[in-house]
Every structure is written in structure tokens, then in C-alpha cells.
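Here is the structure we will look at, set down as C-alpha cells.
The values are calculated or read from the model by the stated rules, or taken from the named source; none is laboratory data. On a predicted model such as this, the values are computed, not experimentally measured, just so you know. Quick reminder, even Gly has a Cβ in these numbers, built from the backbone with ideal geometry, and neighbours come from all protein chains shown. Quick note on the areas: whole protein, heavy atoms, side chains included, nothing else; ligands and nucleic acids left out. Shrake-Rupley method; radii C 1.70, N 1.55, O 1.52, S 1.80 Å.
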Amino acid sequence: MRILLWHVHGSWTDAFVRGRHEYLLPVLPEGGPWGLGRAGRDWPDSVREVALADLDADTVDAVVLQRPGEIAEVARVLGRRPGIELPAAFVEHNTPKGDFPFTRHPLADQGDIPVVHVTHFNRLAWDNGAAPTVVIEHGIPDPGRLYTGELPELAVVVNEPVRRGRVTGTDLLPAFAAAAPLQVFGMKTEGLAAAIGVEDSRLTARGDLRTRELHRELARCRVYLHPMRWTSLGLSLLEAMHLGMPVLALAATEAPRAVPPEAGAVSADVGELLRCARRLVANPEEARRRGLAAREAALERYGLGRFLDRWDEVLTDLRARPTRHGRRDPSNARLDEQILIPARERNIP
């Protein structure tokens, strides 16, 4: 299939475009959120940059949406309405903002475009209304077991920790910095130590590294810390587990499902996490053992093959659904119960 999607979430896209399809990414001379294209990523040749205005609408088999505004943009430029005249799915990457748990999803009042949540918590947290829903958990291209744990430090990956504050658990970092030095990776981490009142010797802001360098530097740290209060399941957490790192995580959103107890510690008790941090930093062998358990769990649940297989099921069903340009072919239909039955008519675990 030829699938149109914007480059919105780089790490998620990195996994999605490794399937067996052709992926069309809009590009603009100025780049930006509506025209990043490949953005220099080392992606397969099946990922093509396209000028949306010049794209022949009949060459697009499906569109994978990630922002509500993309629905109108596709209809305006291609002259085909997603979900009605063009097969479409909407990927919800985020936890709801606002009046949780009453936040209605932007697609809640339509029944033509299935909403694909990346975690079970996200589907549970959003009011999905009449929208069909399905969960496809993240998949990670395996970076390999790179863990050495040679540095008795904690690693954190977070973008814009000063601006996002309590959402990303930035306020918790001083306590963890007192337990062990922190290395903080991600966008706009400069000045973080001063902003939260931590000495430079206890917190090093590493900035936004390229993926391979990030994996290598993460794997040198003894333990991975995931202090997020209210975000969807961070791909950096799953990458750390793939690397073979032991994990400390707040028991919030999807983390309790993703991180088994033997992989480190998951708790809403910050004191418990601090005690585990000190113990793992002081005991490299226990840290290594728990890291192996983390990697095993990540490979089983968040492997790339499982992720791509689930997406193939959804895409096959989308192609079989009737649109103005064609009727459903029952011989090709692989119906997914979670897609076809609206959320309000199902029991969501």
C-alpha cells in the first residue's frame, strides 16, 4: 500500500516506516511541522518525500493521521475525505489534556475513522465517544544489548523539562540527584540544573543526541529513570529496556504495564524509588540482572515485528472497508473486532 503520513513523531515514525509498504511524507522547502519529510533520517528507500500539492490523489491507498487538522488538509489538497472517500486511521500518541477523565477525543463524534491508541491507558483515559478504537502498542527497532552500566549514575531522557515541569516529573529530579548523579538527555535541557537548584556536579545536561549516540551514552549509565507523571508511554523508556538497562519508573499512566517488577522498580512512592536507585547504583551485578529482565520484557511486548504485524492487520481492514471509490471485498476483509465495534458499545479492559 501507498500510505500518506506526516513526520510528526520521529521515534514512532522510525518504527512505522520499517514495514512492507510505501510511505509518502509531505515536504516543504521551509520544513516545519507540515513539511519535515525525512528530515535527514536514515530510513528505508520505501520512504519517499512528496509535495502534497503535486500528489495524485488516486495514488494514495490510505492516510495515517496524527493531528485533527490533517483531516481537512487532506480533503482540501487531495479532494478526498479521509474515512469516507479515502481509507484513514488516526494515531493518538498522547494522554488527554484538560478535564481528565472527561476529556473528549477530537474524533469522538465521528464513526468513520478508527482511533489507534498507542497504549491501553490512553484508550481508557480518553472519552472516545462513537469513534471506533484499537490499541497498537509501540514497537522498537532493537538497538541491541549495549548496556555496560560503567557509570554509577542515573540517566533520564526528557524534552523541555523546565517548561513542562510537573508533567515530566522535573520537580522530582533534585531528590534523585541527591541519590546519584544524573545525566539528562533531550531537547532544551540546557540550564536545567540551575532552574531546579541542583549543583552542576550532580546533574549534567547532555542535550539532544542522535539516536545511535544516545543509545551508546545511555547504556553507560547504571540505571534508567522515568519520572514522568502524565505522558504517554515514552519510547525512550522502551529503548532503555531494549538496551538492557534496569528501570525506575513512577507508577503512572502505562508504566506499570510496561515495566515488570523484576526489571527494576515501579512505584508511586518516591521514597521507594530513591532507595532502589541507591541500591542499584551500589550493586552493579543486581543492576545488570534487572537490566536483562527489562530487555527480555521489552523484546516480548514491544518488538518491532509485533508492532508492524498489528499495523498490517489494521491497514488491511482499512483497505477492505467501503469508500466512494470502491466496495468492500469480503474475500480480503480481515475484520478486527476492536476497530469495528465503537468504544461505547464495548467493555474496555
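Observations on the model:
- Residue selected from the stretch 136-171 under the condition among the acidic types (Asp, Glu) and more than 26 Å from VAL17 (Cα to Cα), by the criterion most open to solvent (accessible area, probe 1.4 Å): GLU150
- Residue that is most open to solvent (accessible area, probe 1.4 Å), among those in the stretch 200-232 that are of a type in the set (Asp, Glu) and touching a residue at least 12 places away in the same chain (Cβ under 8 Å): ASP208
- Among the numbered conditions (1) free of Cβ contacts under 8 Å to residues at least 40 places away in the same chain; (2) within 20 Å of ARG289 (Cα to Cα), the only one that GLU239 does not meet is (1).
- Answer residue from the stretch 104-135, given it is in a helix (DSSP H, G or I) and among the aliphatic types (A, V, I, L, M) and is surrounded by the most Cβ atoms within 10 Å (Cβ to Cβ) among those: ALA125
- Taken over the stretch 38-52, residues that are at pLDDT 95 or above and surrounded by 19 or more Cβ atoms within 10 Å (Cβ to Cβ) amount to 1.
- Test result for PHE100, of a type outside the set (Asp, Glu), farther than 30 Å from ARG18 by Cα, part of a loop (DSSP other than H, G, I, E, B) and touching a residue at least 24 places away in the same chain (Cβ under 8 Å): yes
- Among the candidates ARG38, ARG76, ARG48, residue that is more than 21 Å from the chain's Cα centre (by Cα), without any contact (Cβ under 8 Å) to a residue 60 or more places away in the chain and under 27 Å from ASP142 (Cβ atoms): ARG48
- When residues in the stretch 55-71 are screened for being part of a helix (DSSP H, G or I) and within 24 Å of the chain's Cα centre (by Cα), 3 of them pass.
- Of all the numbered requirements in (1) surrounded by 17 or more Cβ atoms within 10 Å (Cβ to Cβ); (2) over 18 Å from the mean Cα position of the chain (by Cα); (3) of a type in the set (D, E, K, R); (4) at pLDDT 95 or above, ARG295 misses one, and that requirement is (2).
- Restricting attention to the stretch 241-287, the residues being more than 23 Å from ARG220 (Cβ to Cβ), of a type outside the set (Val, Ile, Thr) and not in a helix (DSSP H, G or I) number 8.
- Of all residues in the stretch 233-278 being in contact with a helix residue (DSSP H, G or I) (Cβ under 7 Å, 6 or more places away or on another chain), of a type outside the set (Gly, Ala, Ser) and farther than 29 Å from ALA15 by Cα, the one that is least open to solvent (accessible area, probe 1.4 Å): LEU274
- Single unsatisfied condition, LYS97 versus (1) over 30 Å from ASP127 (Cα atoms); (2) out of contact with any Lys or Arg (no Cβ under 9 Å at 6 or more places or on another chain); (3) open to solvent by 10 Å² or more (accessible area, probe 1.4 Å): (1)
- In the set (1) at pLDDT below 95; (2) under 17 Å from the mean Cα position of the chain (by Cα); (3) not in a loop (DSSP other than H, G, I, E, B), the condition left unmet by ARG212 is number (2).
- The set of residues from the stretch 1-13 being under 23 Å from LEU209 (Cβ atoms) and open to solvent by less than 20 Å² (accessible area, probe 1.4 Å) comprises HIS7, GLY10, TRP12, THR13.
- Any hit, the stretch 14-24, residues being out of contact with any helix residue (DSSP H, G or I) (no Cβ under 9 Å at 6 or more places or on another chain) and either open to solvent by 30 Å² or more (accessible area, probe 1.4 Å) or part of a loop (DSSP other than H, G, I, E, B) (or both): yes
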